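Single-structure report; data block below.
The values are calculated or read from the model by the stated rules, or taken from the named source; none is laboratory data. Please read all numbers here as calculations on a predicted model, not as lab measurements. With ideal geometry, Cβ positions are generated from the backbone for all residues, glycine too; neighbour counts draw on all protein chains shown. We work out accessible area using only protein heavy atoms, side chains counted, and drop any ligands, DNA or RNA first. Shrake-Rupley method; radii C 1.70, N 1.55, O 1.52, S 1.80 Å.
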Amino acid sequence: MSSAVDSEQAPVPSHVPANLVLEFDAYRPMKGEKSYHEAFYREMADGAPDIFWSPYNGGHWIITKRKYLQEAFADYDRFTSEEGAAVDGIQPPGRPKFVPIESDPPMQQVYRKLFSPAFIAPALKEQEKVGRALAIELIEAFKPKGACEFVTEFAQHLPIKIFMKMVDVPEEDRLTLLPLAGAMVADEKMSKNEAALQITKYAGELIAERMRNPGDDLISKIATSEIEGRPIEMHEAVGVTTLLLIGGLDTVASMMGHLMNFLASSPDHRKQLIDDPSLIPGATEEFLRRFALTNPARTVKRDIEFHGVGMRKGDKVMLSTPFGALDTEDYPDPMTVDYARKSNAKTTFGAGPHVCPGSMLARVEIKILLEEWLSRIPDFEVDPADMPRIRTGVNGSFEYLPLVWRA
Ligand code: HEM
């Protein structure tokens, strides 16, 4: 659903040449296409420039070429994250900065160190154990029914349960957090800001409690850490914690929705993985490429020329990862899912100092899904009597995916 205000086009600034303006709204890209990614691909196939201006969501540049995207992700000297991580990512009064994503190096690196040890391979072993046990439990519970709504009955459980365990938060809190995390990456600005305030309130209460009674979990570590020799401040701890909550809750579930929708309609791709599970790591990389789904942003720091395009200080630039993933220069026949492709997910997780710290965890969760689902429910399809629903915005996600199989 789009709000009237958001759908309005902003006046095109005078430094933007008319031939670079394209009526494409990345937060609401679908104009009758069957899938979210088809909408981006159609734009590329219709000749979208490597960098163009979209008049939607306040007006902003969109980079479509993957290698330029990678360059901009890493270039914090010209493209800052200090002014928000989404093109319309305004910071409402009272909400702390979401660090590190809304900061630049060197402080960005300082904030990142508060949680990065929790996301490296040795620490992930425990998450994998928790995740696998839960995946088996969930699948075995709905398998005899011959049907499930994949998003709410599976995709939203796995990443959340793993994350709740890392931060030692009661499982029932997922009912509070899920709708907020979803609203944060959807397309309506008002609900986004309101959700941000509510989620920071939740994080604030958690931090205050862990400051008083620290445990062994990630939030306690953040709450009691030092930043450059001084105790972390409340707004910093709340910013980091909120970002971790948002990052971990929606993205993986969204990725799972896209790939299961695909597998539901491609028996051949399912069969390849069932016949030879050693293909799963390669398939995971290819799914991560093909279904890249986030549209983060930067702000231009000073007047610059970027690959022949004049950008002004203050211009917003969307780093649209679905475009990068479908760039024919890097990926011939990009809409085709080919498990044998190499170096697939080059920009799905961003690049440079902000590159997603959760990427290994996301890979583990997707591997668990593929292994445990396909060995139990090898044949399934989207319910022909029902209709999946996609929610677009900063992330393009399935919000409803009815699957059926013979029980
Ligand atoms: C398939 C799943 C995921 C995708 C597609 C994804 C995508 C991304 C992208 C593109 C960025 C870079 C944003 C930028 O440069 O502005 C990013 C950053 C980030 N992601 Fe992920 N992510 C995923 C999973 C996760 C998970 C599981 C977590 C953690 C629980 C997480 C936490 C974060 C954090 C904290 C940042 C900010 C890092 C920084 O600013 O230094 N993400 N993610």
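Note the full-extension length gain between ALA133 and LYS34 as 0.36 nm times their separation in residues minus their Cα-Cα distance, in nm to one decimal.
Working: separation 99, 0.36 × 99 = 35.64 nm, distance 3.44 nm.
Residue separation times 0.36 nm, minus the Cα-Cα distance, leaves 32.2 nm.
The lysines within cross-link reach of LYS143, meaning a Cα-to-Cα straight distance under 29 Å and a gap of 8 or more places when in the same chain, are LYS34, LYS125, LYS129, LYS161, LYS165, LYS271, LYS367.
If you build the convex hull over the alpha carbons only and average its shadow over all orientations, what do you get for segment 1-86? Give it in nm² to one decimal. Display every interim value, and only then the final one.
Numbers: hull surface 26.8 nm².
Its average projected convex-hull area is 6.7 nm².
When all alpha-carbon pairs of segment 206-322 are counted, what percent fall beyond 16 Å? Beyond 16 Å sits 75 percent of the P(r) for segment 206-322.
Semi-axes of the equivalent ellipsoid for segment 276-407, computed as √(5λ) from the eigenvalues of its C-alpha gyration tensor and ordered from largest down, come to 33, 18, 14 Å. Taking all protein chains into account, the per residue accessible area for the chain stands at 42 Å² (1.4 Å probe).
Taking only the C-alpha atoms, wrap a convex hull around the chain and report its volume per residue in Å³ as a whole number. Display every interim value, and only then the final one.
Values: hull volume 55.8 nm³, N = 407.
So the per-residue Cα hull volume is 137 Å³.
Using the Cα coordinates of segment 303-375, the gyration tensor eigenvalues translate into equivalent-ellipsoid semi-axes of 31, 17, 9 Å, sorted from longest to shortest.
Within 10 Å, at most 14 other Cβ atoms, and a DSSP state outside H, G, I, E, B define an exposed site. Report the longest part of the chain free of exposed trypsin sites (Lys or Arg not before Pro). Intermediate values should be presented prior to the final figure.
On the way: sites that count: LYS31, LYS34, LYS113, ARG302, ARG312, LYS313, LYS342, ARG406.
For trypsin sites (Lys or Arg not before Pro) (loop position, at most 14 other Cβ atoms within 10 Å), the longest site-free span of the chain is 114-301.
Once whole DSSP H runs in the chain are found, which of them have Cα atoms spread over 27 Å or more along the helix axis and a mean Kyte-Doolittle score of at least 0.0?
Working: long enough: 121-142 (32 Å, 0.21); 189-212 (35 Å, -0.58); 234-264 (46 Å, 1.11).
Membrane-span-like by this criterion, though nothing is claimed about a membrane: 121-142, 234-264.
Taking a cut-off of 17 Å between Cα atoms, list the lysines near LYS346, but don't count ones fewer than 8 places away on the same chain. Here the lysines satisfying the reach criterion relative to LYS346 are LYS65, LYS67.
Summarised as an ellipsoid, segment 1-160 has semi-axes of 35, 26, 16 Å, derived from the eigenvalues of the Cα gyration tensor scaled by 5 and square-rooted, with the largest first. In the calculated pair-distance distribution of segment 238-281, the portion above 12 angstrom amounts to 69 percent of the Cα-Cα pairs. The loop-placed GluC sites (Glu not before Pro) in segment 297-372, going by DSSP, that have at most 16 neighbouring Cβ atoms within 10 Å of their Cβ come out as GLU329.
Over the chain, what percent of the accessible surface lies on carbon and sulfur atoms, probe 1.4 Å?
Numbers: 9300 of 16920 Å².
Of all accessible area on the chain, carbon and sulfur atoms account for 55 percent.
Here the sum of -39500 (n - 2.57) over DSSP H runs of 4 or more residues, divided by the residues of the chain, equals -13500 deg cm²/dmol at 222 nm, to the nearest 500. Cα-based Rg of segment 144-258 per 2.2 N^0.38 Å, rounded to two decimals? For segment 144-258, the normalised Cα radius of gyration is 1.15. Taking 0.36 nm per residue of sequence separation and removing the Cα-Cα distance, the LYS201/LYS143 pair yields an extension gain of 17.1 nm.
Amide H contacts for ALA147 (H built 1.01 Å from N in the peptide plane; partners 5 or more residues away or on another chain; cut-off under 5 Å): TRP405.
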